[in-house]
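Since the structure comes first, as structure tokens, the remarks are kept for the end.
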Amino acid sequence: MTRQARTSLGAAYDLGYHVVWCPKYRRPVLGGRVKDRLEELIRAEADEHGWEIAVLEVMPDHVRLLVKPTLKNSPSYVADQFRGFTSHHLRAEFAHLRSQLPTPWSRSYCVATAGAVSAETVQRCIETQYERPKGGGRA
């Protein structure tokens, strides 16, 4: 995957969120037709919001996703949108999920940012900003 900055009014950005969530009780229910449908639903929700799916992996007991959202979308909003949308549709389409689980997803999830530069690089840039020449230097 090549990195490409997106732009909005007054900003250029390259955000990536690594989102992981599991079925309730970490039950291995995400196989076969459920897996295929879940992947379709995740891609549809991303398209609706204008988000780019960089990586999507559905395992029997968890979902891993690297999504590139728009600048205004917080990590919690992104995770909640995917989880809520897929929960509604999966429960409506697969009766066995309703009988096996009180709700498809556990309450917790993990979100981490996946940026273009490391925290160490940013720290070094801030610490050395007055050592660089003005005008021609890069930040």
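Structure notes:
- Stretch gain in nm, segment Cys110-Val55, where the contour uses 0.36 nm per residue and the Cα spacing is subtracted: 18.2 nm
- Working from label points 7 Å from Cα in the Cα-to-Cβ sense, the Val20 to Ala92 distance is 3.1 nm.
- Positive-end extreme of charge dipole, the stretch 1-117 - chosen from His49, Leu97, Gly31 (charges on Cβ): Leu97
- Annotation note: trypsin sites (Lys or Arg not before Pro) in the stretch 26-99 located in DSSP loop regions with a Cβ neighbour count of at most 14 within 10 Å are Lys72.
- Net charge of neighbours whose Cβ lies under 14 Å from the Cβ of Asp61, counting Lys and Arg as +1 and Asp and Glu as -1: +4
- Ranked from largest, the principal axis spans of the Cα set of the stretch 30-113 equal 38, 22, 20 Å.
Every read-out reported here was derived from the displayed coordinates using simple, explicitly stated rules and does not represent laboratory data. Given the structure is predicted, the values throughout are model-derived calculations rather than measurements. A quick note on method: Cβ atoms are made from the backbone with ideal geometry, for glycine too, and the neighbour counts reach across all protein chains shown.
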